[in-house]
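Below is one structure, written out as structure tokens; the observations come after it.
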Amino acid sequence: MTENRYRVVLSGGVRQGKSLDEVKQRMAAMFKASPPQMDRLLQHERSIIKKDVDLETAKKYARALESAGALCRIEPQEAPAFEAPARQPTPAKEDRLAEKAERPEPRVVVIPLLKKPEDRFAPVAIGKIMGAPNGLKLKTAGPAGSEGVAPYGRIFALAAYTETESSGGKHSLLVFIESVKRPVVCSIDQIVFEDFPVKVFPNSLASFRGFLYFLCHKNPSLVLEETTFDFLSGSPLQKLDQTQAMKLCTGLGQLIESGDIASQT
């Protein structure tokens, strides 16, 4: 029996509550393309993003597009396309976009800061993040700090924010490791970017953005908190006080613990 095939089509426009500029930036990061390219796709009433795939793959692409804020739908492959050739990308450009869509994309979750903080999700302070052959070498803070390696495949989720209660606004990274309840937290200034194949800039935030892209490439199933994903698209990091940071740790930790994270991405 022949398996049914499907295509994923942009419907034109963006989801309620999302701005066009925001969606363009997110899609540009997703497809490794430019915002003007995404603008042209979003202005069409139907732009085919992926075609001739099984239903599960089509759903994967649709979820990613919806997470970015774009309106889309899944159609049977045999349904008439009714495409307007003059307004569609040329085949060569469409092929390039499809190729870019094949690249690893992080899963994105929204964590409302509503949960009562729980100490069991309190992060462990890390003094330095260095490179290891197959993962991150983590050195706990303090003169007697111990070292351990988190393989890339076991890095489950990431979230980043700016601490409002620190002088100068310290930027911090939360790393949730598979099967470990408490995340680790590290100032991005303590990440040894030179240990990784990323471009190092005088501005640590720019280097950090490249570092996050690198981690997403190393682990295609990585989960990113939504505002951290927005940071990859050029937005500033969210600003949190100590209580809000603990709510973020608790909300993401509870979601991971519940096993429902797949339904949220």
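Output the residue which, of all residues in the stretch 54-73 that are charged (D, E, K, R) and farther than 14 Å from residue 26 by Cβ, is surrounded by the most Cβ atoms within 10 Å (Cβ to Cβ). Lay out the reasoning, then the answer.
At the first step, the residues of the stretch 54-73 found to be charged (D, E, K, R) are 54, 56, 59-60, 63, 66, 73.
Add one more test, that the residue is farther than 14 Å from residue 26 by Cβ, and what stays is 54, 56, 59-60, 73.
Working: 54: 12, 56: 8, 59: 14, 60: 18, 73: 13.
Once the filter is applied, the top-ranked residue is 60.
Restricted to the stretch 1-35, and to residues there that are outside any helix (DSSP H, G or I) and aliphatic (A, V, I, L, M), the residue that is nearest to residue 55 (Cα to Cα) is 8. Apart from one condition, residue 45 fits all of (1) of a type in the set (Asp, Glu); (2) touching a strand residue (DSSP E or B) at 6+ places or on another chain (Cβ under 8 Å); (3) modelled with pLDDT of 85 or more; the exception is (3).
Against the conditions (1) surrounded by fewer than 16 Cβ atoms within 10 Å (Cβ to Cβ); (2) modelled with pLDDT under 85, residue 29 satisfies every one except (1). Tell me, which residue of the stretch 124-154 that is touching a residue at least 40 places away in the same chain (Cβ under 8 Å) and either acidic (Asp, Glu) or crowded, with 21+ Cβ neighbours inside 10 Å (or both) is nearest to residue 194 (Cα to Cα)? Ranking the candidates gives 129 first. For the stretch 171-221, a residue qualifies if it is closer than 18 Å to residue 248 by Cα and hydroxyl-bearing (Ser, Thr, Tyr), and the qualifying residues are 172, 187.
Would you say residue 212 is in contact (Cβ under 8 Å) with a residue 24 or more places away in the chain, more than 23 Å from residue 34 (Cβ to Cβ) and part of a helix (DSSP H, G or I)? Full working, then the answer.
Details: in contact (Cβ under 8 Å) with a residue 24 or more places away in the chain: yes; more than 23 Å from residue 34 (Cβ to Cβ): no; part of a helix (DSSP H, G or I): yes.
When the stated conditions are applied, residue 212 does not pass them.
The values are calculated or read from the model by the stated rules, or taken from the named source; none is laboratory data. A quick note: this is a predicted structure, and the numbers were derived from the prediction, not measured. Every residue, glycine among them, receives a Cβ derived from its backbone with ideal geometry; neighbour counts consider all protein chains shown.
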